[in-house]
1. Looking only at segment 1-13, filter to residues that are of a type in the set (A, V, I, L, M, F, W, C) and out of contact with any helix residue (DSSP H, G or I) (no Cβ under 9 Å at 6 or more places or on another chain); which one of those is modelled with the lowest pLDDT?
2. Please determine, by comparing only the residues of segment 177-199 that are among the hydrophobic types (A, V, I, L, M, F, W, C) and touching a residue at least 40 places away in the same chain (Cβ under 8 Å), which one is nearest to GLY160 (Cα to Cα).
3. Quick one: what pairs do we get from segment 78-95, first residue over 13 Å from HIS35 (Cα atoms) and among the hydrophobic types (A, V, I, L, M, F, W, C), second at pLDDT below 95 and surrounded by fewer than 16 Cβ atoms within 10 Å (Cβ to Cβ), C-beta under 8 Å, 6+ apart or different chains?
4. Out of TRP213, TRP271, TRP229, I need the residue that is under 14 Å from the mean Cα position of the chain (by Cα) and under 15 Å from HIS181 (Cβ atoms). Which one?
5. Determine, yes or no, whether PRO176 is more than 22 Å from LEU293 (Cβ to Cβ) and buried (at least 19 other Cβ atoms within 10 Å of the Cβ).
6. For segment 215-235, which positions are among the hydrophobic types (A, V, I, L, M, F, W, C) and over 16 Å from ALA283 (Cα atoms)?
7. How many residues are touching a Leu at 6+ places or on another chain (Cβ under 7 Å) and β-branched (Val, Ile, Thr) when one looks only at segment 17-62?
8. Working only within segment 47-68, note down all residues that are of a type in the set (Gly, Ala, Ser) and within 17 Å of the chain's Cα centre (by Cα).
Amino acid sequence: MSVTAGPAFHCAAPLLVTRAPSFVPPPGACDCHSHVIGLPPAHPFVAERSYTPPEATPAAYLGNLRALGMARGVLVTVSVHGDDNRLMSDTIAAHRDRLAGVAVVRPDVSARTLDALGEAGVRALRLNMLFGGGTGLAALDVLAPLCAARGWHLELLLDGLLLPGLEQRLAGLPVPVVIDHMGHLPPAGTGQDSARDAAISALLRLLENGRTWVKLSGAYRSSAGAAPWVDTLPLARQLHAARPDRCIWGSDWPHVAQVRMGFSPVYTLDWLGRVIPDAAGRAEVLVDNPARLYGFQGV
């Protein structure tokens, strides 16, 4: 579970992968959610950030992909860098055959900036309602048409308990929407079951409309316990069973906003193996779905 420790608290660095995953990822597998983080002054942190992370270099990121057996990856601009997408876009531009990006911009972003991001390999814009430094939901109606014009999608980091009130608005957008980390929904039995059930129903309806995707990721953020986060498995399995063709996975490396690091990235892939025990199902989530969503070519 994510730990709240006051404004801009210092969070722990990720652990190294020291063993193989519990299953062999298929050729072309993609980790659809990670971050690279630079340090000031070259890569300033925004003042309104929720945490202060250690550096997570492109080289360390690529090493983590290799350790997990991933052929491809998607980098998301981290909230502490605000709308400074330079490190993310430079990293994906250097590996266009295997990396794609999700950028953060403000509503007044220029067409020139968006075009440059697209040329680098960006395929989506992110709205962030949970951590300081991101662009919030107020920008939704401005950014959605900009994404639609470029064939991009929107990615939403939000409190999933708000989904019932947002459902119609999201369903009416002119672009696909990706819900990060299973909506950060709490596990059953945590005192919010009624609101949780309504949120799950809304998310399932959005998935059924065929334009919404969900990241089976971030289990450690919503779990009430430690790895292997068994209390998150029922929801992940329910989402996958409903629309296996709209599910993707991400390690969420380097696991920001954690005061203590009690797991290595390989645990997040092991978790997916428990959600989807069959190889064909994992191949759909790890290879086929990311290829369609981000436009990867070949295997």
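1. VAL3
2. Within segment 177-199, the first condition is being among the hydrophobic types (A, V, I, L, M, F, W, C), and the residues that meet it are 177-179, 182, 185, 188, 195, 198-199.
Next cut, touching a residue at least 40 places away in the same chain (Cβ under 8 Å) only: 178, 182, 185, 188.
On the way: VAL178: 12, MET182: 8, LEU185: 5, ALA188: 14 Å.
Taking the candidates together, the pick is LEU185.
3. Note: no pairs meet the criteria.
4. Exactly one of TRP213, TRP271, TRP229 is under 14 Å from the mean Cα position of the chain (by Cα) and under 15 Å from HIS181 (Cβ atoms), namely TRP213.
5. Details: more than 22 Å from LEU293 (Cβ to Cβ): no; buried (at least 19 other Cβ atoms within 10 Å of the Cβ): yes.
Spelling it out, it is not the case that PRO176 is more than 22 Å from LEU293 (Cβ to Cβ) and buried (at least 19 other Cβ atoms within 10 Å of the Cβ).
6. Once the filter is applied, which keeps residues that are among the hydrophobic types (A, V, I, L, M, F, W, C) and over 16 Å from ALA283 (Cα atoms), segment 215-235 yields ALA219, ALA224, ALA226, ALA227, TRP229, VAL230, LEU233, LEU235.
7. Total meeting the criteria: 2.
8. ALA56
The values are calculated or read from the model by the stated rules, or taken from the named source; none is laboratory data. None of the values given here were measured: they were computed from a predicted structure. When we count neighbours, we look across all protein chains shown, and the Cβ atoms used for this are built from the backbone with ideal geometry, even at glycine.
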